[in-house]
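Data block below; observations after.
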Amino acid sequence: MPARPCLFLPLLTALALLAPAALLAQPPNPWDYHVIVGSITLDGAALTQADTGISVAVVRADGSAYSPAAEDKDGLDANGDFRMNVPMGTAFPGQALEGEAAVVKMWRNGRAVWLEDSALLIGEGGGARRFDLSGLVNTPPNADAGLDLFATEGNTARLDGSGSQDPDGRIVEVLWTQTGGPAAVLDTPGVSSPAFAAPPVTGNAVLTFRLTVTDNEGAQDTEDVSVTVSENGITGFPAFVSTFLTATGVPMGVSVTGGSLTGLDALGGESVAGSGKPSQTPLGLVDLTVLGGAPGFTATVSLYLDSPAPAGWRWYKATARDGWRDVSALASYSAARDIVEFTWEDGGEGDDGPVDGRITDPLGPGFTPAAQAAASGGGGGGGGGGCFVDTLGAAGMQ
């Protein structure tokens with residue numbers, strides 16, 4: 001029988017000849033890389049393999065990362081170099097484009113380290129780019145909460161963190177928090193020197209506050225300060241009322257609903273000039289600051305008097321901008337005329353500031369001798385039950 005031709009060998013030969021062409025026909029790898037390699041000198045000393053907690057990466061100029069991340073995977077090699085592969089191409093959104101601006105970033109124990117002249121262009125220098133950079137370790141800021149303070153209940157106390165500094169950058173955030181003692185409300189916890197009204201105390205009480213400052217690299221420092229609040233010796237008022245002495249030495253109390261009392265100062269009537277000023281200001285002015293939960297809030301301020309208000313008293317708001325304004329029509333007395341209430345709106349009637357979440361209220365009584373004598377002779381003023389139903393505007397006082 002004649003031999004049959006062998007077809008297997010030619011088939012293998014054909015496959016062998018086609019294999020390189022098939023391989024060449026495969027789509028190219030979508031990942032091309034720009035290799036960034038180099039050393040870093042930190043605080044004048046070259047980093048070595050003995051340094052720990054070091055992370056190095058190349059990121060976009062806006063700080064966003066590439067995908068996959070162009071970060072050093074293995075730490076310093078035997079030559080003292082870091083190596084990062086920046087993915088290049090257009091197949092995926094995380095890749096870099098040739099000529100794109102980038103920057104070498106470094107972190108030490110999770111904290112950013114400033115590197116000098118760390119900007120580069122992707123693709124610059126061909127397939128690889130050498131860098132040798134130097135940097136400084138960020139020095140944390142120094143929080144200075146000031147000296148321990150002493151205050152009397154019913155007076156405004158002010159913390160002082162203005163001595164805080166950052167030796168190699170700037171402080172970008174300040175925050176005060178109370179850590180102990182009777183509760184007090186800071187008017188602006190995010191500023192260097194916030195104020196608060198010293199709360200009612202029995203004997204002496206110590207309030208503690210913590211100042212936290214943050215620098216532009218995210219480093220923080222804290223310091224505590226104490227404020228010893230002393231009892232003012234004023235009695236005869238409810239325990240929840242903040243008591244104080246007016247500028248004329250008369251005891252008075254204040255309470256607030258709908259907000260928090262953060263400032264309480266006694267001013268003399270002579271401290272504010274302007275039109276409309278009465279000839280007599282028996283209590284001077286009570287300068288109140290009330291903090292609300294949100295801009296536009298409404299709060300009620302109750303003033304507790306040590307004796308019933310005379311029938312001839314008018315009530316005034318006084319500022320250097322507006323002079324003395326008679327707000328008696330907005331006052332409500334208790335039946336005994338020893339408590340007077342005002343309801344103020346943030347940014348509205350009764351507030352001497354903008355709509356900013358706080359009400360400032362310099363307020364006090366005044367009269368002219370003739371008007372008080374006329375009102376007393378006419379018997380105007382005061383009856384009613386225990387509710388706040390009597391208003392000065394209805395008392396017949398001129």
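The values are calculated or read from the model by the stated rules, or taken from the named source; none is laboratory data. Just so it is clear, the model here is predicted, and its values are computed rather than measured. Here Cβ is always computed from backbone atoms with ideal geometry, including for glycine, and neighbour counts include all displayed protein chains.
If you go through region 192-204, how many residues are under 20 Å from the mean Cα position of the chain (by Cα) and more than 19 Å from L264 (Cα to Cα)?
Of region 192-204, the ones under 20 Å from the mean Cα position of the chain (by Cα) are 192-197.
Imposing the further condition that a residue be more than 19 Å from L264 (Cα to Cα) reduces the set to 192.
Matching residues across region 192-204 total 1.
Within region 300-318, take every residue that is among the aromatic types (F, W, Y) and assigned to a strand (DSSP E or B) and give me the one that is nearest to V256 (Cα to Cα).
Restricting attention to region 300-318, the residues satisfying the condition of being among the aromatic types (F, W, Y) are 304, 313, 315-316.
Applying the additional criterion that residues be assigned to a strand (DSSP E or B) yields 304, 315-316.
Numbers: Y304: 11, W315: 18, Y316: 19 Å.
Per the criteria, the residue is Y304.
Checking the conditions here, which among F237, F244 is surrounded by 15 or more Cβ atoms within 10 Å (Cβ to Cβ), among the aromatic types (F, W, Y), assigned to a strand (DSSP E or B) and in contact with a Gly (Cβ under 7 Å, 6 or more places away or on another chain)? Even if it seems obvious, please write down each step before you answer.
Numbers: F237 fails: assigned to a strand (DSSP E or B).
Every option except F244 fails the conditions.
Looking at the structure I just gave you, is T179 surrounded by fewer than 18 Cβ atoms within 10 Å (Cβ to Cβ) and closer than 18 Å to V229 by Cα? Working first, answer last.
Values: surrounded by fewer than 18 Cβ atoms within 10 Å (Cβ to Cβ): yes; closer than 18 Å to V229 by Cα: yes.
Against the criterion (surrounded by fewer than 18 Cβ atoms within 10 Å (Cβ to Cβ) and closer than 18 Å to V229 by Cα), T179 qualifies.
Looking for something in a strand (DSSP E or B), under 18 Å from V241 (Cα atoms) and more than 37 Å from the chain's Cα centre (by Cα) - is there at least one such residue anywhere in region 333-351?
yes
What's the total number of residues in region 157-194 that are among the polar types (S, T, N, Q), part of a loop (DSSP other than H, G, I, E, B) and under 13 Å from D221 (Cα atoms)? So that I can check it myself, show each step before the final result.
Of all residues in region 157-194, those among the polar types (S, T, N, Q) come to 162, 164-165, 177-179, 188, 192-193.
After this cut, where a residue has to be part of a loop (DSSP other than H, G, I, E, B) as well, the list is 162, 164, 188, 192-193.
Okay, now just the ones that are also under 13 Å from D221 (Cα atoms), so 164.
Looking only at that region, the number is 1.
In this structure, does V201 turn out to be in a strand (DSSP E or B) and among the β-branched types (V, I, T)? Quick ask: steps written out before the conclusion?
Numbers: in a strand (DSSP E or B): no; among the β-branched types (V, I, T): yes.
No: the conditions fail for V201.
Which of the residues belonging to region 248-262 are in a loop (DSSP other than H, G, I, E, B) and either crowded, with 19+ Cβ neighbours inside 10 Å or of a type in the set (D, E) (or both)? Steps first, answer last, please.
Within region 248-262, the subset in a loop (DSSP other than H, G, I, E, B) is 248-250, 258-259.
The answer is G259, and nothing else.
Does region 342-359 contain any residue that is of a type outside the set (K, R), buried (at least 18 other Cβ atoms within 10 Å of the Cβ) and modelled with pLDDT of 95 or more?
yes
Which of the residues spanning region 281-322 are basic (K, R) and either within 13 Å of D338 (Cβ to Cβ) or under 36 Å from the mean Cα position of the chain (by Cα) (or both)?
Here is the first cut: in region 281-322, the ones basic (K, R) are 314, 317, 321.
Result: K317, R321.
Would you tally the residues in region 53-66 being assigned to a strand (DSSP E or B) and farther than 21 Å from N109 by Cβ? Can you show your working first?
Here is the first cut: in region 53-66, the ones assigned to a strand (DSSP E or B) are 54-60.
Next cut, farther than 21 Å from N109 by Cβ only: 60.
So the count comes out to 1.
Okay, residues lined up against (1) touching a residue at least 12 places away in the same chain (Cβ under 8 Å); (2) of a type in the set (K, R); (3) surrounded by 12 or more Cβ atoms within 10 Å (Cβ to Cβ); (4) in a loop (DSSP other than H, G, I, E, B):
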site	(1), (2), (3), (4)
D51	yes, no, yes, yes
P68	yes, no, yes, yes
D77	no, no, yes, yes
M84	yes, no, yes, no
P87	yes, no, yes, no
A91	yes, no, yes, yes
G99	yes, no, no, yes
V104	yes, no, yes, no
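From the list E173, E223, which one is under 30 Å from L136 (Cα atoms), of a type outside the set (G, A, S) and surrounded by 15 or more Cβ atoms within 10 Å (Cβ to Cβ)? Spell out the reasoning first.
Values: E173 fails: surrounded by 15 or more Cβ atoms within 10 Å (Cβ to Cβ).
Answer to the check: E223.
Of all the residues that make up region 123-156, how many are within 25 Å of the chain's Cα centre (by Cα), crowded, with 17+ Cβ neighbours inside 10 Å and outside any strand (DSSP E or B)?
8
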